[in-house]
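The values are calculated or read from the model by the stated rules, or taken from the named source; none is laboratory data. Note that this is a predicted model, so its numbers are computed, not measured. Cβ placement follows ideal geometry from the backbone for every residue including glycine, while neighbour counts extend to all protein chains displayed. Accessible surface is based on the protein model in full, side chains and every heavy atom, while ligands, DNA and RNA are left aside. Shrake-Rupley method; radii C 1.70, N 1.55, O 1.52, S 1.80 Å.
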Amino acid sequence: MFQPLPDKPDHPSLELEILELWEREGTFGQLRERNSGGPKWSFVDGPVTANKSLAVHTAWGRTLKDVFQRYKALRGFDQRYQNGFDCQGLWIEVGVERDLGLNSKREIEEYGLEEFARRCREVVVRSSAELTRGSKRLGQWMDWGNDYFTFSDTNIEYIWKFLSIVNERGWLYMGHRSTEWCPRCGTSLSQHELTQAGVYQDRADPSLSVRFPLLDRPGQSVVIWTTTPWTLPANVAAAVNPDVDYGRRENGEWVAVQRFPDDTFVERVRGSELVGLRYRGPFDDLKPGSEVEHRVIPWDDVTMDQGTGVVHIAPGAGGEDFELSKVHDLPVLTPVDESGRFYDDYGWLHGLSTTESADQIIGVLSEKGILVESGLYTHAYPHCWRCDTPLIFRLSDDWFISVEEIRPKLLEENAKVQWVPEYMGKRMDDWLRNMGDWNISRRRYYGLPLPFYPCSCGHLNVVGSKQELGERATEGFDQLEELRRPWVDRVPITCEACGEIVTRVPEVGDVWLDAGIVPFSTLGWESPEWVEEGYATGAAHGLTHADLPDHSYWETWFPADWVTEMREQIRLWFYSQFFMSVVLVGTSPYKRVLGYEKMLDEHGREMHGSWGNMIKAEDAFEQMGADVMRWQFCAQPPDRNLLFGFGPAHEIRRKVLTFWNSTRFLVDYGNIEGFSPSWSQLEPDGDLRPLDRWLVARTKQLVAETTEAYEATLTVDAIRAFEAFVDDVSNWYIRRSRRRFYSFDEAAFRTLWYALVQSLRAVSPMLPFLTEHLWRNLVQDGPASVHLAPWPEAEEPDRALLDEIAAVRRVVELGRQARSASQLKHRQPLRRLVVAGAAAAARGHADEIAEELRVKNVEFGEVEASELRVKPNLPVLGPKLGAALRDVRERLQRGEFEELDGGRFQVDGHVLEPDEVLVERIGLEGWAVASEDGVTVALDTALDDDLRLEGRLFDRIHEVNVLRKESGLEITDRIRLWVPDEELLGTYADRLAAETLAVAVAPGDLRIEKA
Ligand SMILES: [Zn+2]
Ligand SMILES: [Zn+2]
């Protein structure tokens, strides 16, 4: 006996039951046990930042990881299931700062770095527990409890080792440059951090044109344009494009002619003629400005896109400006400190922030009479990715890894990686070609301590391990709780060159070093022995039981066969681990990547907490269920943004319900008829009808298609294959076989059971809960879990048979369309259907088509009863035909075309493919026509008295069925029936009785009674 199924699945409660069942039976453990020693498939998890609970966009990535790990497990692959948490860096720090109400680095230092570090760790403890809970609820099977945490001492030591190798190769250096800087966080940011989602936001800034009076030419001035008034006090030069024309207005202002085409100019010169002129700076009354000789310099990169064609140059507050200062030997003024406030030698500006100062600066320029124009300017401006503060440029000393020497090798290795979708690999290639040196230092607290100990003798000491630190320490090694600030700052060492005592630089590392080292640190690269819980060191102690494996383990599992993350990780995690791996061992750390675009809400907007359109994973679990979420994730083509929401979830539930109903149909009738299938005789044999053989072939096709989809790591194809299959089972097989289930036709039961069971296996990686629930009901003598049944063997299905039924279904579908276009009820029988075009395979199934469409005759031949209209499909045909399109369009309109086979058309020597044209067939009087992909059907819509009477018969059957349902009768209950239509009873009494399970039919007001 099967367990009766309710009308519809209650996803959340069913899922919680399954989770408990898996837990109780140790299903995941059994799976790993079974696959242990099998062929290896290596997956390395990209760490999730442990500063929050599970979000739906994280659930997307986790679902994909889980799907492919499950699929590979079904195929018998031995795998690692280590989950990772990212535990350091700005994300963690900013949360703690907010919780503690700290607003600056000074306040953090006053609060105390020990306590601050402990609070940061607490965030990770809390968040990692939440993320684990959410991921389990999602159905993700991981080795929970043996996770890696990037703040472990072991992880840090691995990065130290990497940095010391980089130093040995001579690639490590300290750079002095103007870089993007967050004044709130008090640190510079690297190029790749600016590529993260949400960094560039539209923002309105002051837009002002300012006149710089020329000292050598009284009454004349150059006019510059800027959106950052705060940089004007640091101005040292004005740049012109030497090859462009500049004009002098009547009032003496020089601007680029091209920028003001409507202005009148009294003099015109090439930019090169303005070079060298000296001018009075806008803030020469302040000390820093007064010491500068301002002059006009040439710069080829001055563009004519915006502004005045004269660019204000402040090398202490702009990246390109700083580069120019080296070329032209310009002084560099640094106007603001780490927190973005003016230094005290800037007089009345002292202490003001870059934004606070804007209005006052504009006011002063106006008083001085040199402000030409001011307004607002909206542009995409970079913001700090963690605290949303607008970034500024600031001079900073940062540590860099030079990339020039290794760049060719990086490109070479990336070319060997298989990227899905392919264009993401090109993006990586593009990034690798164009990226600058890697800025690895951050002036923060809770991060990887950079092991750099510069000495006044000129030698840079780089410590490669904790052991080395201990050996070289002069004091403080005993108090080292963790390899972290502030403890590590209290351990000075001796300089290996001169013996002096040296201290660590205060900087911490870029967080992407933490995640990038994972393919080495978690797999035990160069680790001489296996250390139990060797990964649970430092801050990770007590949080995980992860071991530090030995080097042979690394050799077994490196490189990863597959990794997956969002597209933005190309320049982040995909990059950092790739870079580190090519440096350390000369190869990519992964063979294959699946990247995917980003998640938006169902209307295509970004999800924001403050916009109220953010969906919490917790709410999604409760209102959709994990399987429906997973379906939504899996159905998404990776090259497009996912529009996630409750609306799409509703659609998915409808699709799930169709599958559920098919299963319920088998369960209900199976129980009535005592059907008892056996796992040992999975595939039906014996006396199969053509339709049964078709469903068997169709099922094999599903297995083949999903296998191919999983192998290509494209879940979207697996979902599409499943959707089409569900439709075929429900709307063709069951529809056409219903009666065989009313009387016990074992072949039908066995065929449907086989189809359902195999399809559960095929989609179990994507929908682990629903499939498990139904599996346990349908398969009572097989493997206890669908996840323990091996992957079904892909067999070549009977293609000819599949094509045949696909053609039949197409004809029937078109017949239905024609019928609805004609407004005739589907129940009304019709005389004739004509099928034309590429549907020859359906010829042998005329009876089925007739029955489905309720027509008396189906003929294959020419459809003359219609007018054909063909229009160009412009988006497709336009690019193909170019200028010829117009002529083709006109010819089509005039009907000057020839219809070829397969839905193609010929027009004036051009052959148009089916997807290049839009075909419409208009039925002539008395015909309803529908057409698609080269198949056309025409329904004769003429009615006579016989057809009308038969139409009434079907109306009555329908009414009786409604009555049966309303009276709560069982599907097998027999009835007595009264019908008012004597003419109908005269002709169709027997058929009416048979169709309604009536034991007696009599004239009278319409009613039924249980017999
Ligand atoms: Zn910031
Ligand atoms: Zn020294």
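So the values come out like this:
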{"item": "The stretch 452-590: C-alpha gyration tensor shape, a/c 1.5 cut-off, then a/b vs b/c", "result": "prolate"}
{"item": "Spin-label proximity, Lys287 to the stretch 351-395 - amide N less than 19 Å from point 7 Å beyond Cα toward beta carbon", "result": "351-353"}
{"item": "Too-long pairs where the Cα-Cα distance tops 27 Å, listed order kept, from Lys825/Lys1010; Lys825/Lys856; Lys40/Lys416; Lys40/Lys136", "result": "Lys825/Lys1010"}
{"item": "Per residue value of the accessible surface for the stretch 69-134 (all protein chains in place, 1.4 Å probe), Å²", "result": "39 Å²"}
{"item": "Equivalent ellipsoid semi-axes, the stretch 567-721, via Cα gyration tensor eigenvalues times 5, rooted, Å", "result": "40, 25, 13"}
{"item": "Net +/- balance of residues flanking Asp429 in space, Cβ distance below 15 Å, scoring K and R +1, D and E -1", "result": "+4"}
{"item": "For the stretch 330-474, fraction of C-alpha pairs farther apart than 20 Å, in %", "result": "73 percent"}
{"item": "For the stretch 631-702: accessible area per residue (Å², 1.4 Å)", "result": "42 Å²"}
{"item": "FRET efficiency, 1/(1 + (r/R0)^6) with R0 60 Å, evaluated for Arg75 and Asp263 via beta carbons", "result": "0.25"}
{"item": "Of all accessible heavy-atom area on the stretch 671-726, the percent that carbon and sulfur account for (1.4 Å)", "result": "45 percent"}
{"item": "Efficiency of FRET from Cβ geometry, Glu122 and Met304, R₀ 45 Å, rounded to 0.05", "result": "0.25"}
{"item": "Volume in Å³ per residue [convex hull over Cα atoms, computed for the stretch 324-402]", "result": "184 Å³"}
{"item": "Loop-located trypsin sites (Lys or Arg not before Pro) in the stretch 352-420 whose Cβ has at most 13 other Cβ within 10 Å (DSSP)", "result": "Lys416"}
{"item": "Tail fraction, Cα-Cα pairs, the stretch 763-872, threshold 25 Å, whole percent", "result": "49 percent"}
{"item": "Computed [θ] at 222 nm, helices only, for the chain once each DSSP H run of length n ≥ 4 contributes -39500 (n - 2.57)", "result": "-12000 deg cm²/dmol"}
{"item": "For the stretch 193-248, alpha-carbon Rg and Dmax in angstrom", "result": "16.0, 50"}
{"item": "Separation in nanometres of the label points that stand 7 Å from Cα toward Cβ, at Tyr343 and Gln823", "result": "8.5 nm"}
{"item": "Rg/Rg_globular for the chain, with Rg_globular taken as 2.2 N^0.38 Å and Rg from C-alpha atoms", "result": "1.22"}
{"item": "Highest average packing first - 988-998, 735-745, Cβ atoms within 10 Å", "result": "988-998, 735-745"}
{"item": "Share of Cα-Cα pairs in the stretch 251-368 lying beyond 23 Å, as whole percent", "result": "40 percent"}
{"item": "Percent accessible area from carbon and sulfur atoms, the stretch 398-537, protein chains only, probe 1.4 Å", "result": "47 percent"}
{"item": "Extension gain (nm, one decimal) between Glu708 and Arg169, 0.36 nm per residue minus Cα-Cα", "result": "189.6 nm"}
{"item": "For the stretch 834-886, diffusion coefficient by Stokes-Einstein and Kirkwood Rh (Cα), 20 °C, 1.002 mPa s, µm²/s", "result": "152 µm²/s"}
{"item": "R0 of 60 Å, Cβ-Cβ distance Glu796-Trp530: FRET efficiency to nearest 0.05", "result": "0.85"}
{"item": "Separation of the Glu356 and Phe646 label points, Cα + 7 Å toward Cβ, nm", "result": "4.5 nm"}
{"item": "Residue-span extension gain [Arg278 to Arg592] - 0.36 nm each, minus C-alpha spacing", "result": "107.2 nm"}
{"item": "Heavy-atom accessible area per residue - the stretch 272-382, 1.4 Å, Å²", "result": "48 Å²"}
{"item": "Solvent-accessible area, 1.4 Å probe, carbon plus sulfur percent, for the stretch 1-133", "result": "49 percent"}
{"item": "Full-extension gain in nm, Ala942 to Asp1005, via 0.36 nm per residue minus C-alpha separation", "result": "19.6 nm"}
{"item": "Globularity ratio of the stretch 876-975, using Cα Rg and 2.2 N^0.38 Å", "result": "1.87"}
